[in-house]
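Comments concern the structure below.
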Amino acid sequence: MGLHHHDEVVLLLGAPGAGKGTQARFLADTLGIPHVASGELLREHRAMGTDLGVLAQEYMDRGDLVPDAVVVDMIADRLDEPDAEHGALLDGFPRTLAQAEALERRLADRGGEVRTAIYVEVPTDVLIERLAGRWMCRVCQTAYHEVFNRPTVAGVCGACGGELYQRPDDKREVVSNRVAVYLRDTHPVVERYARAGVLKRVDGNQSIEAVKDALLEAVGQDAAIPA
Ligand code: ADP
Ligand code: ADP
Ligand code: ZN
């Protein structure tokens, strides 16, 4: 918790299925900061069978949020790792106003701040279609889609060779709860950063390439010139 830190945190906000995970790795590499995804970390805890993973399971399976206190601690620990010393791209966190306030307090303690909050906007009917067709790598958590972003070899991750699976929380009944939870608990976080003047809106309802270019523009990097 030294005061020499000047963490510059960039937030990637958006509903479930907005395409955050699809864009985050590339965006984090461009910014030179690590990608920290709360959902990925929670799924790793579940796979390892940690106490946190066991606690999180019932919430995740219902599409509810895992309690703030444990998620805040998990992210704080991750941000204490050396690679996050100068900031991180946060994906899926904060998801409640309480999480946002906890993050801001932590950053303020060390002279850092939320530099930019990017909001990837996608209409609800498109979100549902994306989640219903999502296939995820068991090993590296890269997301594919059976229509919009097909793996080169069916059932196999092009990035690492891992097996693809459909997340149990991408079932239709759970998805509608996740979208409702998003509107109730997470949309106020988007409004908070809009009021603070740090929100950049990106149209997420375009091709993966077009969204990538819009994100680069939002963080002030030039889009790659097509060869
Ligand atoms: P999030 O992390 O926001 O929940 P994902 O990145 O996992 O979202 O994307 C959700 C689903 O939509 C995945 O199946 C992904 O392949 C697909 N997808 C992502 N971006 C796009 C896009 N721009 N157009 C069409 N499908 C997309
Ligand atoms: P998606 O991008 O499809 O919404 P995530 O992988 O971000 O999915 O999250 C999956 C689940 O993990 C959420 O439905 C929720 O149960 C839990 N989760 C992830 N991030 C948080 C968070 N910041 N606070 C509380 N629960 C979270
Ligand atoms: Zn993989």
Fill in the blank from the handout: Residue hits (region 137-158; within 12 Å of ligand 3 (Cβ to nearest atom) and either among the basic types (Lys, Arg) or surrounded by 14 or more Cβ atoms within 10 Å (Cβ to Cβ) (or both)) are CYS137, ARG138, VAL139, GLN141, THR142, ALA143, TYR144, PRO151, VAL156, CYS157, GLY158
Completion exercise
The residue from TYR193, TYR119 that alone is in a strand (DSSP E or B), more than 10 Å from ligand 1 (Cβ to nearest atom) and not basic (Lys, Arg) is TYR119
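For region 159-172, which positions are outside any loop (DSSP other than H, G, I, E, B) and surrounded by 14 or more Cβ atoms within 10 Å (Cβ to Cβ)?
Going residue by residue through region 159-172, those that are outside any loop (DSSP other than H, G, I, E, B) are 163-165, 168-170, 172.
Result: LEU164, ASP169, ASP170.
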Practice task
Say whether the condition of being modelled with pLDDT of 95 or more and more than 22 Å from LEU11 (Cα to Cα) is met by at least one residue in region 80-97.
Solution key: no
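The values are calculated or read from the model by the stated rules, or taken from the named source; none is laboratory data. Keep in mind that this is a model prediction, so the values were computed, not measured. Glycine also receives a Cβ, built like all others from the backbone with ideal geometry; neighbour counts cover every protein chain displayed.
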